[in-house]
Structures are given as structure tokens and as C-alpha cells.
Amino acid sequence: MRVVIAGSSGLIGTALVASLRRDGHDVARLVRRRVAGPDEFEWDPENATIDDGALTGADAVVNLCGSAIEHRRWTGAFKQELRDSRINSTDVLATAVGAAGVPVLINASGVHIYGDTNGRVVDEHAPAGTGFLPTLCVDWEAATAPARAAGTRTVLLRSASVLAPHGGAMGKMRLPYLLGLGARMGSGRQYFPWISLADEIGAITFLLTNPEVSGPVNAVGPAPVTQAEFNRALARGVHRPAPWVLPKFALRAAVGELADEVLLTGPRAIPAVLESAGYRFQHNTIGAAVQAALG
């Protein structure tokens with residue numbers, strides 16, 4: 001297959017490029033700087049331009065673009081950046097995909113589209129929640145409309161926190177836990193949606209070649225856990241105690257809205273579409289995923 005990837009320099013994109021190339025696929029990368037090799041094509045979402053030939057002969061496009069949701073206070077400017085980096089780039093790319101007749105588009109989204117489900121299990125048929133992140137995800141997914149209207153099989157990949165050896169959530173938490181400073185957040189009863197990096201890449205690869213799957217797909221591990229359960233699993237993984245608690249008021253004082261939308265709430269989402277389509281997870285439990293991420 002010839003696969004074109006936008007957002008190829010991030011945690012997931014870097015691993016996906018390497019994995020697809022190991023499997024013998026032809027991978028092209030869309031970049032926002034001057035091209036540095038024959039596998040790169042320049043694009044500029046702000047000005048809605050893509051190099052001629054970038055999508056020629058493409059069997060699929062994977063769009064992983066979007067500024068990282070950092071653990072810091074969300075200012076108005078940063079929230080606008082989160083929206084623009086996802087919605088504008090998706091609209092430009094989906095329009096180009098439709099015009100070029102690319103058969104498949106896998107477009108990133110987020111499992112926080114469901115908001116806080118208060119322990120209720122949700123699959124891909126559940127409605128969106130309320131708040132900034134659910135609204136962002138709804139608008140993000142809606143930006144794929146030009147591709148869908150052109151008949152492109154479009155997958156909306158609703159990813160959880162990706163547990164990887166380097167970067168992502170584990171990159172921020174590894175050192176504090178190694179120092180014995182790991183802590184439960186708030187009550188710990190909120191759900192922490194997770195997926196291993198191997199299964200994130202495995203799911204994308206599976207979806208590229210499974211013509212029966214389109215629409216929303218939850219890229220989450222098959223065994224949902226609470227934040228307290230994740231805290232214990234990570235503490236066991238690094239062989240350190242994690243007796244501390246970060247109270248709600250402290251988290252809200254430190255990062256504001258982020259605390260209520262990500263750290264203190266979470267959906268109990270399950271990967272119903274992936275499992276029914278026959279995907280087999282490499283890491284079925286949070287313990288296995290943590291061990292894989294810790295190496």
C-alpha cells in the first residue's frame with residue numbers, strides 16, 4: 001500500500017511510519033517545512049495548499065495532526081490553538097482526499113468525546129458529552145465531511161492516552177513514580193482510558209486493510225480502569241510506593257479547566273468496533289500495557 005501520513009513526527013506518527021515500512025508499505029509524509037527527502041511532501045493547512053502529487057496513487061491517508069493537550073492551564077489562546085491545529089488541518093486534508101479519490105482516510109479523534117460517563121460503559125454508539133473537549137472532538141470529526149461525501153471510507157479513531165516507552169503520558173509520569181512521588185488524582189474513581197503504543201499502531205494498521213470498518217472506532221484497551229487502578233499498576237511497575245493523593249482543589253488551582261475535563265473525569269470506553277471486527281489486542285490489561293511502556 002501507499003500510505004500518506006500527516007502528523008508523522010509525533011509519538012504515534014513516528015512509530016506508525018516505522019511499522020508500516022517494516023511491513024513493506026510505501027510511506028509518504030506530509031510536512032509543514034521544506035522537504036528533506038523523496039518521501040516528503042510539503043503542505044500548509046493555513047493556506048490550504050498541498051504539494052502536487054502528494055496524494056497521487058495513495059491507497060490511504062492517516063491524519064494524526066493536532067497540538068498536544070499539555071498538562072497546563074488552558075488559556076483562550078491555547079484552546080483556539082487546539083481547535084485550529086485539528087479542525088483546519090482536517091478540513092484541508094479531507095477536501096484533498098476527496099478530490100484525489102483516495103479510498104481510505106483514518107482521522108485522529110479523542111475518546112474524551114464522551115466526556116465523563118460516571119462509570120457507565122460506553123461504546124461507539126454513545127452520544128458526545130458536554131464541555132470543551134467533547135465539542136472539539138465533535139467538530140474535529142465533522143471536518144472529515146468532504147472525504148465522506150466523496151465516498152472515501154473514513155475512520156474516526158477515538159484514541160485514549162497512549163502508553164509508550166518514550167513521550168506521551170508515561171513520559172511525564174515515569175520520573176515522579178520512580179522517585180516515589182506517584183499519586184492518585186482526586187478520588188481516583190474516575191476512569192482513565194488507555195491503550196498501549198503497540199495496540200494503537202496495530203489498530204491503525206488493522207483498520208487500513210479492513211474495508212468493513214468505517215465511522216467512529218474507540219482506540220482503547222479492552223479492560224477499562226479507574227485512575228486509582230492505573231496509579232497502583234504504575235507504582236507496581238516501577239517497584240515504588242505511591243501513597244500520595246493530589247486533591248481536587250490543588251489540581252484545579254494548578255491547571256484549571258484541564259483538571260475537570262481530563263484529570264478528574266474520564267469515560268469508561270470499550271473498543272467494541274475493534275473487537276467485533278476481529279482485532280486481537282497485544283496488551284489486554286493495564287498491567288501488561290504499563291510493563292510494555294516501562295520496557
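Data table
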read-out	value
Quotient of C-alpha Rg and 2.2 N^0.38 Å, computed over the range 185-295	1.20
Packing-based exposure ordering (other Cβ within 10 Å, fewest first) of 125, 112	125, 112
Segments 274-283, 231-240 sorted - mean Cβ within 10 Å per residue, highest first	231-240, 274-283
Stokes-Einstein diffusion coefficient of the range 1-132, Kirkwood radius over Cα pairs, 20 °C, 1.002 mPa s, in µm²/s	132 µm²/s
Karplus (6.51, -1.76, 1.60) ³J(HN,Hα), θ = phi - 60°, over the range 267-272, in Hz, Gly and Pro reported as x	x, 8, 8, 10, x, 4
For the range 161-217: rounded, prolate or oblate by the Cα gyration tensor [a/c cutoff 1.5]	oblate
Neighbour net charge for residue 292 - beta-carbon separation under 12 angstrom, K R +1, D E -1	-2
Taking 148, 252 and counting other C-beta atoms within 10 Å, the order from fewest to most	252, 148
Under 9 Å, Cβ to Cβ, from residue 67 - net charge with Lys/Arg +1 and Asp/Glu -1	-2
Estimated [θ] at 222 nm from DSSP helical runs (n ≥ 4, -39500 (n - 2.57)) normalised by residues in the chain, nearest 500	-10500 deg cm²/dmol
Where only alpha carbons of the range 96-156 are counted, the Rg and the Dmax (Å)	13.4, 43
Total formal charge among the other residues, if their Cβ is under 9 angstrom from that of residue 131, Lys/Arg +1 and Asp/Glu -1	-4
Rg(Cα) / (2.2 N^0.38 Å) computed for the range 131-180, rounded to two decimals	1.74
Principal axis box of the range 123-245, alpha-carbon based, largest edge first, Å	54, 31, 22
Residue order, fewest to most beta carbons within 10 Å, for 230, 41	41, 230
Antiparallel content of DSSP bridges confined to the chain, in %, to 5	10 percent
Tail fraction, Cα-Cα pairs, the chain, threshold 25 Å, whole percent	47 percent
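Computed from the coordinates by the stated procedures, all read-outs in this text should not be read as laboratory data. Please read these numbers as outputs of a predicted model, since none were measured by experiment. Glycine also receives a Cβ, built like all others from the backbone with ideal geometry; neighbour counts cover every protein chain displayed.
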